[in-house]
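Bear in mind that the values in this text are calculations on the coordinates, not laboratory data. Since the structure is predicted, the reported quantities are computational estimates derived from the model, not experimental observations. Cβ: placed from backbone, ideal geometry, glycine included. Neighbour counts: every protein chain shown.
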Amino acid sequence: MRQRRIKKYTIHILAIPGIKPDLFDIPIQKCAIIACTDRDNKYLSLFPPKQLCVVPFADIEVRDDPMAINRAHARYIIRFLRQLPEEVTDLFVCCSKGGSRSPGAAAAILRMSGRSDRVVWDNPYYVPNWLVYQTICREFGLFAPHWYVMHLARRNCRCYKKLVENNGVCKYERWQIID
């Protein structure tokens, strides 16, 4: 069953060590964070509990692994997004290094809000965790069969190869802000 869309947020994809007070150029009340890791950061305490979602799963793409994302994690993320205060405009999606789990979650969040996830899958600096993406999308009720998600992963791989061929020159950045 398809659910109503998630609100459109400005999404910031970054590594958890990048969370620092001087990062925020808008009031903290307008920010929320999803941390896809158990890695600690003393600045997470800046966020009120209603604006902080810590989901400790590993960067694993084996569905049956007990450390991998599961349906309960995905439901927790979706529930968190639905209960965010209306004044929240910016969503920080983080993991240990900002390259796999957080891009996978951010791509799913983009789709849940009715936006294109291409900006994540086409970024050669990311290797979105396909299991994170698929689990969140499926739990939300979005089309995400295995063949489709593998198509996205291959597309991401082609983008990386193109970056290498162009000597590392492209329009994307390592840590992105998606409006």
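Could you list all residues from segment 155-178 that are surrounded by fewer than 10 Cβ atoms within 10 Å (Cβ to Cβ), at negative phi and not hydrophobic (A, V, I, L, M, F, W, C)?
Across segment 155-178, the qualifying residues are Glu165, Lys171.
Return the residues of segment 19-47 that are touching a strand residue (DSSP E or B) at 6+ places or on another chain (Cβ under 8 Å) and either among the β-branched types (Val, Ile, Thr) or closer than 9 Å to Cys94 by Cα (or both); say none if nothing qualifies.
Ile19, Ile26, Ile33, Ile34, Ala35, Cys36, Thr37, listed by residue number.
Just to be sure before I move on: is Ala74 free of Cβ contacts under 8 Å to residues at least 60 places away in the same chain and under 12 Å from the mean Cα position of the chain (by Cα) in the structure I sent?
When the stated conditions are applied, Ala74 does not pass them.
Could you list, in sequence order, the residues of segment 122-147 that are in a loop (DSSP other than H, G, I, E, B), free of Cβ contacts under 8 Å to residues at least 60 places away in the same chain and not hydrophobic (A, V, I, L, M, F, W, C)? Write out each step before concluding.
Filtering segment 122-147 down to residues in a loop (DSSP other than H, G, I, E, B) leaves 122-129, 141-145.
From the residues that got through so far, the ones that are free of Cβ contacts under 8 Å to residues at least 60 places away in the same chain too are 122-125, 127-128, 143-145.
Those that are in a loop (DSSP other than H, G, I, E, B), free of Cβ contacts under 8 Å to residues at least 60 places away in the same chain and not hydrophobic (A, V, I, L, M, F, W, C): Asp122, Asn123, Pro124, Tyr125, Pro128, Pro145.
For segment 1-57, which residues satisfy the criterion of being of a type in the set (A, V, I, L, M), in a helix (DSSP H, G or I) and surrounded by fewer than 17 Cβ atoms within 10 Å (Cβ to Cβ)? Working first, answer last.
Here is the first cut: in segment 1-57, the residues of a type in the set (A, V, I, L, M) are 1, 6, 11, 13-16, 19, 23, 26, 28, 32-35, 44, 46, 52, 54-55.
Add one more test, that the residue is in a helix (DSSP H, G or I), and what stays is 16, 23, 28, 44, 46.
Hits for segment 1-57 are Leu23, Ile28, Leu44.
Please verify whether Tyr172 is over 11 Å from the mean Cα position of the chain (by Cα) and either within 25 Å of Pro17 (Cβ to Cβ) or among the polar types (S, T, N, Q) (or both), treating the condition exactly as stated.
Details: over 11 Å from the mean Cα position of the chain (by Cα): yes; either within 25 Å of Pro17 (Cβ to Cβ) or among the polar types (S, T, N, Q) (or both): yes.
So Tyr172 fits the description; yes.
Does segment 71-87 include one or more residues that are β-branched (Val, Ile, Thr), in contact with a Cys (Cβ under 8 Å, 6 or more places away or on another chain), farther than 19 Å from Gly114 by Cα and not in a strand (DSSP E or B)? Let's see the steps before the verdict.
Step one: list which residues in segment 71-87 are β-branched (Val, Ile, Thr), which gives 77-78.
Restricting the remaining residues to those that are in contact with a Cys (Cβ under 8 Å, 6 or more places away or on another chain) gives 77.
With farther than 19 Å from Gly114 by Cα added as a condition, the list becomes none.
The answer is no; no qualifying residue exists.
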